[in-house]
Amino acid sequence: MKRPKEITEAYLKELDKHIDELRSGKAATTFEVKDIAALLHIHPTHLSNTIQAELNRSPCDIYEERLVNLAKEIILTTDLSIAAIARHLTFDPSNFSKFFKHFTGTTPKKFRDSHGG
């Protein structure tokens, strides 16, 4: 296997692991690209360039997409308040609502309400 593919697979594996830690409440903070790069012992710019070249998407785009999907999952499958979900995902509640709305076009509460929450 070529190195760029190895790096991409390692990134996705670490990202999945981190999302699982967020899901279970074991993560103290949300990661940044530099955190995953450090785990993989490579420079953040090299990681970003490699992921972009391999997947035609930035590592941030992939991470944010998975984070939004996790937020949607928690919103729809629990009765936790939106503020509690924000804290569970290591966000300040007001920043979480802005983040969620930026990617979905709606607030977390409206999302829950529109899906029978």
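Values in this text are rule-based calculations from the coordinates and carry no lab data. This structure is a prediction, so every number in the text was calculated from the model and none was measured. Every residue, glycine among them, receives a Cβ derived from its backbone with ideal geometry; neighbour counts consider all protein chains shown.
Using 1/(1 + (r/R0)^6) with R0 = 35 angstrom and r between the beta carbons of LEU39 and SER114, what's the FRET efficiency to the nearest 0.05? For R0 = 35 Å, the calculated efficiency reads 0.40. With the convex hull drawn over the C-alpha atoms of the chain, the volume per residue is 107 Å³. Each label point was placed 7 Å from the Cα along the Cα-to-Cβ direction; for THR106 and ALA53 their separation is 4.1 nm.
Taking Lys and Arg as +1 and Asp and Glu as -1, the other residues whose beta-carbon sits under 12 Å from that of THR107 total +4. Summing charges over all other residues whose Cβ lies under 10 Å from the Cβ of ILE51, with Lys and Arg as +1 and Asp and Glu as -1, gives -1. Relative contact order of the range 3-114: 24 percent, from C-alpha pairs under 8 Å at least 6 residues apart in sequence.
Applied to the range 30-43, the Karplus parametrisation 6.51 cos²θ - 1.76 cosθ + 1.60 on θ = phi - 60° returns per-residue 3J(HN,Hα) values of 7, 6, 10, 3, 4, 5, 5, 4, 4, 4, 8, 6, 9, 6 Hz, with x for Gly and Pro. Coupling constants for the range 71-76 follow from the phi torsions by the Karplus curve (6.51 cos²θ - 1.76 cosθ + 1.60, θ = phi - 60°), and in residue order they are 4, 4, 4, 5, 4, 7 Hz; glycine and proline get x. So what's the net charge close to LYS2: Lys and Arg +1, Asp and Glu -1, counting the other residues with Cβ under 12 Å from its Cβ? That sum, taken over residues with Cβ under 12 Å, equals -1.
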